[in-house]
Amino acid sequence: MPAYVAIPQQNGEFPKSELNGILQGVSVVLESWANLSSRYIGVPVEGPAPLPLEFSVKFSGQASGYLNVRTSDEMAKVLHRSIQSKNGSFITEEAIFKEFVAVFSGRLMAYLWGNNWGLFKSDAPVFSTPENWPASAPSACCAFIVENWPVEIRLWIESDTE
């Protein structure tokens, strides 16, 4: 069973902008895109949780980095039901979750780098596993519950290229 711990009011060790970008990005994307709400539950503190549906996005530009979003198959079904009810699409649950990661990635970059985010090169989300994660600790991470299913997000910002 994965464990999560709440981030103290001062946002723990994570830079405020990265953590706020994740917190606000998830909320906005889930509410506007999928008509779902989320509840923040803290940061993952134990090794990788058994969350088999995982996509990552590499990006470069003003900064380079790696974004990882993980969840359960059950959460992907919730997302699929919500999206399907909006547009009648018959896309797979995995594809819906991959699209969520792509939309969230764009929102996060816009939040973190404002008008300069368009200068970024962002890869399409690709299926990944914890073995693909950078060796260093993430710049920010947190977890959410969406209809009783966890979503973990980790962000590594590797370097500024200015």
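Close Cβ contacts (under 9 Å, 6 or more residues apart or on different chains) running from residues in region 83-105 that are of a type outside the set (A, V, I, L, M, F, W, C) to residues that are modelled with pLDDT under 80 comprise 84/90; 105/122.
Looking at region 121-140 only, could you name the residues that are surrounded by fewer than 21 Cβ atoms within 10 Å (Cβ to Cβ) and not polar (S, T, N, Q)? Scanning region 121-140 gives 121, 123, 124, 126, 127, 130, 131, 133, 134, 135, 137. Being in contact with a Pro (Cβ under 7 Å, 6 or more places away or on another chain), modelled with pLDDT of 75 or more and not aromatic (Phe, Trp, Tyr) narrows it down to one of 44, 48, so name that one. Being in contact with a Pro (Cβ under 7 Å, 6 or more places away or on another chain), modelled with pLDDT of 75 or more and not aromatic (Phe, Trp, Tyr) holds for just one of 44, 48, which is 44.
Suppose we filter 30, 19 for residues that are surrounded by 15 or more Cβ atoms within 10 Å (Cβ to Cβ) and either more than 22 Å from residue 157 (Cβ to Cβ) or at pLDDT below 75 (or both); which single one remains?
30
The values are calculated or read from the model by the stated rules, or taken from the named source; none is laboratory data. Since the model is a prediction, treat every value here as computed from it, not as a measurement. In this analysis, Cβ positions are derived from the backbone assuming ideal geometry, glycine residues included, and neighbour counts consider all displayed protein chains.
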